[in-house]
Amino acid sequence: MPDFPLYHKWFVHSSKLFVYGNGRILCADGSQSVSHPFSEIFNSNSDYIGDIKSLAVHPTLPFGVMIEDHVSGNISHQLTAVCWEANKPKGQIVTFRDIFEPLAPFFGLKRMAFAYQSFSPVGNWYVVGCLTPEAAAAPEEPKDPFFIAIPVDDERPNFLVVEKLVVLGQVKNMTSLAWTTGPASYVVSTGELLHKWDLDELPVAREFVVPADGGKVKGKPIFRKIKDLLRLWPF
């Protein structure tokens, strides 16, 4: 598994290159600038959007997710979706903030940042890591992120089913991560251990911790819904 960077400010999607810089997103086909709804909607609303740390576009559905600088309550970032088949202009830019604020104290963090965002290969899951802003600002230091997974539903207006958010768990001294298929599994390495969550097996999914020396695989339940974790929090 290759090392996975904290943030992606450029990516390739549908044979097009997207690059974020100076508050705008450039889309190119390899030889010249081209138009794409993701970049066009973002650039038209860039005056109302904070600095973008990372970009991710769904492999098939018409939306992308950005990690945006936004200090509020217990969080330093917010997730912002760009949906380019929304019926109304106001529905094209959707922010998700309030539902994540109670997670910071639950994780024992005074303030929480996001990193390591990605979609599963077929796009039915979105996963992002939660860590301290200080850790996010030091890319060379070992990371201890908490990972959360959000289902993707093509029948939802904003696609992300945030009310069914799943807390996977924390991986200390993370070094790299990857996705596998059949079932969709999220795999995180520490260099010595592999943590693997079979997300398509919910609600009976387990985290499998694989020792590097070939010892026995250890499994433990991981399924937690935000409605259970945060039922005492006022929304």
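No lab work stands behind these numbers, since they all come straight from the coordinates. From a predicted model like this one, the values you see are computed outputs, not experimental measurements. Methodologically, a virtual Cβ is constructed for each residue, glycine included, from the backbone with ideal geometry; neighbour enumeration extends over all protein chains shown.
Proximity of backbone amide H atoms, modeled 1.01 Å from N, is registered between residue 8 and 55 at under 5 Å, excluding neighbours fewer than 5 places apart on the same chain.
Database remark: amide H of residue 125 closer than 5 angstrom to the amide H of 120, 152 (H placed geometrically; neighbours at sequence offset of 5 or more, or on other chains; Pro and chain starts carry no H). Backbone amide hydrogens, once placed in the peptide plane, bring residue 77 within less than 5 Å of 70, 114, excluding anything fewer than 5 places away on its chain.
Here the Karplus curve 6.51 cos²θ - 1.76 cosθ + 1.60, taken at θ = phi - 60°, turns the phi angles of the stretch 56-69 into couplings of 8, 10, 4, x, 9, 7, x, 7, x, 10, 10, 8, 10, 4 Hz, with x standing for Gly and Pro. Each residue, residue 95 and residue 31, gets one label point 7 Å from its Cα in the Cβ direction; the gap between the two is 4.1 nm. With R₀ set to 25 Å, the beta-carbon distance separating residue 111 from residue 10 gives a calculated FRET efficiency near 0.35. Taking θ as phi - 60° and the Karplus parameters 6.51, -1.76 and 1.60, the scalar couplings of the stretch 109-126 work out to 9, 5, 8, 10, 10, 10, 6, 6, 6, 6, 9, 5, x, 8, x, 8, 9, 10 Hz in sequence order, x denoting glycine and proline. Derived scalar couplings between HN and Hα for the stretch 138-152 equal 10, x, 8, 7, x, 10, 10, x, 8, 9, 10, 10, 10, x, 10 Hz in order, rounded to whole Hz, by the Karplus curve 6.51 cos²θ - 1.76 cosθ + 1.60 (θ = phi - 60°), x for Gly and Pro. Shape analysis of the chain yields a ratio of the Cα radius of gyration to the Kirkwood radius, Rg/Rh, of 0.96.
Taking GluC sites (Glu not before Pro) across the stretch 103-189, the ones in a DSSP loop with at most 10 further Cβ atoms lying within 10 angstrom of their Cβ are 140, 155. Charged side chains reduced to their Cβ positions (Lys and Arg at +1, Asp and Glu at -1) give the chain a dipole of some 480 debye around its Cα centre.
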